[in-house]
Amino acid sequence: MDYNRIEEKWQKKWEETGLYKFDERSKKKKFYVLEMFSYPSGAKLHVGHWYNYGLTDSYARFKRMQGYNVFHPMGFDAFGLPAENYAIKTGIHPMDSTIANIETMEHQLKRMGATFDWNTEVKTCMPDYYRWTQWCFLQLYKHGLAYRKEMPVNWCPSCNTTLANEQVLSDGTCERCGTPVTRKHLTQWCFRITKYAEELLSGLDTLDWPEKTKLMQKNWIGKSVGGEVFFKTESGREFSVFTTRPDTLFGVTYVVFSPEHAMVDEITTPEQKAEIEAYKEYAAKASEIERQSSTREKTGAFTGSYAINPINGRKVPIYISDYVLATYGTGIVMGVPAHDERDFEFATKYGLPIEPVIGYKDGEAHPLPSHEYGYMINSGEFNGLSSEEGKKAVLAALKEKGLGGEKVTYRLRDWIISRQRYWGCPIPMVHCPHCGVVPIPEDQLPLKLPYDVDFTPDGTSPLLKCEEFMNTTCPVCGAPARRDPDTMDTFMCSSWYFLRYCDSHNDKAAWDREKVDALCPVDTYVGGAEHACMHLIYARFFVKAFRDMGYLDFDEPFLRLVHQGTILGPDGYKMSKSRGNVISPDTYIQKYGSDVFRMYLQFGFAYIEGGRWNDDGIKSVARFLERVERLAERAKGLRGANAKEDAAGGELDYVRANTIKAVGNDLDRFQFNTAIARMMEYVNALYKYVDGGAVNGRHLEAAVKDLLLILAPFAPHFTEELWEQAGYPYSIFNQEWPQYDEASLTRQEVEYGVQVNGKIRARITLPAGLSAEEVEKAAMEQQAVQNAMAGKSVRKVIVVRNIVNIVVG
RNA sequence: GCGCAUGUGGUGGAACGGCAUACACAGCGGACUUAAAAUCCGCCGGGGAAACCUUACGGGUUCAAAUCCCGUCAUGCGCACCA
């Protein structure tokens, strides 16, 4: 078969007939299949695109044939740094390169032969899309979920922009470029994602997502249950600390503030001022990596002030140290050196008392330092309580006196979305000298990103240099005002695109609630695991926030999530230009066609695992399709054959039913490799049947028809062609997934494995439906079994499924 | 450091606690052919005469373990002073 010719033929026909156009009015049950949309890069589609889009397309086709009204849109996540960096290097404007890249990619994606409904396409860098991204921002602002704040932020000196916590890798480097991240004090826009911390956590239980991804989100949200304790300084100034160990409250021998804490200046005594200032400077200089290292030596400085422990009135010194994080809890920690390794280290260095308050049941102290639970000692009225009881008792006592109480803290921080870059969605806010920060009225959106901007990086927002853009008037008072010079994090654009797909041409609203509620949530979402704590958290936040604002009516965006694995280069490393190990799909597609290439990706790897590229098996897939083609031709020629009854209920019928069932199950689980293996077995069985003589033409035709149908999702062009050649009506994708005959799944003969003491000794084939006793009797008669049992007596015989285990001794 | 996952032939990879190595690739042998390609058929974990031994390694649970439990090692991923 001339693959390239038939691919073109069918792609054209599919497009002309609008085969994959989504029908909103269909009575069938909807099914929303979505792959994470892609960044429009200038390069050709790489193996990863094929692996993600091509394989998921097979799943979408399968769902369609199963009778669902499948919604399968595609679009482009088009704002972002690569286009801007490319522009800085080449002088080609990001808008120009992006539009050109999108066109190229659209063309290539169409050549993949996937079921995307291009009618609903979105491109996030176009005003008709980002107008509504800005609208989303305004809604969040109006509902108190967006705020502006000066704060220490993660700054990538290479990308010249702020990063969200989620975009800083655990080694303190930029997620995008690998440069060590520094800190900067900036006033930035933030989204109050922390408001949804609890629901983002509890909602995970309702999702059919990889456990690992759920766990990562869970850890990222980082819920800690503990308590807060109100301390006072000697001069009566109150502050609170968060602790997960209220049972150690009697062991507090000092208190530490983070160096950035706003109260530090106030509590520093004049004598200590110089020392504290010096330390603050020292701490500010430390890089994020240094500061986050748990092996970093504990350092600090004494403020000169003392705090009163509310539980026992004890006076303890107040220090500052950069081992205390400004952004977690209250930014202040109670120092319990006996029961916390970090506090122990700090106290040892500064000669602070270390006093055990947790011990064994008999009252003996734990060896120090120890964070183990135990029983309270040296704790007055609380002595003898277990840590668990003690936590509750101490907090209850504090609560009664208004000195503290239970408290839950999350590790999750608010999402900083301001970016000091050009190629992004402008922030629809105005800074007025009289009215302050004022939102742009919704009917004035979109706030367009100006085209002519000098975006050479200099550490400030490029838009600042564009006076035309920056100068405006205040929407409230009309006075001259300035726009916000930053753009939004591109994760903002991708937090709601799956909603826009449902209503992508709407120019009156971001989406129509009815349409979104009808199509969402996404039933199956497929994309890389690297988004676990970024896009996949942000999108969940958006859905919850817009639900609460009344714009939609569901709780979670993605009911089921599948991560495809990564296809590595032949050398086992991630494919990259710099390594020179990039495999181009094109060479294979030219040689074998896109169906073969897609099928090889399905057959040669476990989808979830991915693996090292190796094309050894690609010929096997080509060979398989050729075998199918020859078989279809023979079946056609044999249509009139026979007439004689052939063995109905025979091996072929069994394999046929079993294959239909197995392939369907495998597809639902994204186990493409085993599905194809089953089809190969089926084809082998069909050849056996055809070569075996006694062929019933109608029986054969029906069996081959089923083969084409189950193969269709995997090799769409190929099967559409054979379907036509067989004389069936267009299109194979309007056919239903074949039913199988349940009765055929029961074989008339069953093969039993016979074990003696768990070791296989013989295999016997018996008619189906024998009683356990009959099977046991037949098993015992086997010579090999007799030999193994020789001289021993039977203790027990187990007959389960198709195993007989004779226990002797 | 903490958490999670993974470890199966020469290779990619299969196996609701139930006959380990399905389906393929590669390799070997054969048929067809003047020959090659293509196609078709057979063999294909190790060792051996046999008994046996094999799912990273060592224990355990079970009639039965690649699968469950404990420990070790290796690899990958995530988090990393979160009080």
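Tabulated data for the structure shown
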| read-out | value |
| --- | --- |
| Separation of alpha-carbon centers, region A:539-596 and region A:282-361, rounded to whole Å | 44 |
| Sequence-distant residues sharing a close amide H with A:Arg237 (under 5 Å, placed H) | none |
| Antiparallel content of DSSP bridges confined to chain A, in %, to 5 | 75 |
| Distance between region A:170-234 and region A:409-485 - C-alpha centres, whole angstrom | 26 |
| Likely footprinting exposure, A:Met789, A:Met679, A:Met534, fewest C-beta neighbours within 10 Å first | A:Met789, A:Met534, A:Met679 |
| Peptides ranked, highest mean first, by Cβ atoms within 10 Å: ranges A:589-602, A:245-258 | A:245-258, A:589-602 |
| Packing-based order for A:539-545, A:16-22, using average beta carbon neighbours within 10 Å, highest first | A:539-545, A:16-22 |
| Relative exposure of A:Ser26, A:Ser620, judged by other C-beta atoms within 10 Å (fewest first) | A:Ser26, A:Ser620 |
| Leading residue at positive end of dipole, region A:1-124 (Cβ point charges), from A:His107, A:Met95, A:Ser58 | A:Ser58 |
| All lysines inside 18 Å of A:Lys515 as judged from Cα atoms, apart from same-chain residues fewer than 8 positions distant | A:Lys21, A:Lys27, A:Lys28, A:Lys29, A:Lys30, A:Lys544 |
| Interchain or long-range residues, amide H under 5 Å from A:Gln188's placed H | A:Lys149, A:Glu150, A:Met151 |
| Electrostatic dipole magnitude of region A:413-468 [Cβ: Lys, Arg +1; Asp, Glu -1; Cα centre; debye, to 20] | 260 |
| Aspartates and glutamates whose Cα lies under 17 Å from that of A:Lys89, excluding same-chain neighbours fewer than 8 positions away | A:Asp452, A:Asp454, A:Asp458 |
| Mean Cβ neighbour count within 10 Å, used as a protection proxy, ranking A:470-476, A:412-418, A:36-42, A:57-63 highest first | A:57-63, A:412-418, A:36-42, A:470-476 |
| Residue-by-residue Karplus 3J(HN,Hα) for region A:790-796, coefficients 6.51, -1.76, 1.60, Hz, glycine and proline x | 3, x, 10, 9, 6, 8, 6 |
| Zone residues, region A:165-193, relative to A:Glu290, backbone N less than 14 Å from point 7 Å out along Cα-to-Cβ | A:181-183 |
| Computed [θ] at 222 nm, helices only, for chain A once each DSSP H run of length n ≥ 4 contributes -39500 (n - 2.57) | -10500 deg cm²/dmol |
| Those lysines that a straight Cα-Cα span of less than 28 Å connects to A:Lys399, excepting residues fewer than 8 apart in one chain | A:Lys195, A:Lys223, A:Lys232, A:Lys315, A:Lys361, A:Lys391, A:Lys407 |
| Paramagnetic label zone (point 7 Å from Cα along Cα-to-C-beta, A:Glu345; backbone N under 19 Å) in region A:159-181 | A:170-172 |
| Charge dipole (debye, nearest 20) of chain A; +1 at Cβ of Lys and Arg, -1 at Cβ of Asp and Glu | 980 |
| Estimated distance in nm for a label pair at A:Lys399 and A:Lys110, the labels positioned 7 Å out from Cα along Cα-to-Cβ | 6.5 |
| Cα centroid separation, region A:757-783 to region A:1-44 (Å) | 53 |
| Virtual spin-label span in nm between A:Val437 and A:Met263, 7 Å along Cα→Cβ | 2.6 |
| Charge dipole (debye, nearest 20) of region A:179-220; +1 at Cβ of Lys and Arg, -1 at Cβ of Asp and Glu | 380 |
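Bear in mind that the values in this text are calculations on the coordinates, not laboratory data. From a predicted model like this one, the values you see are computed outputs, not experimental measurements. Methodologically, a virtual Cβ is constructed for each residue, glycine included, from the backbone with ideal geometry; neighbour enumeration extends over all protein chains shown.
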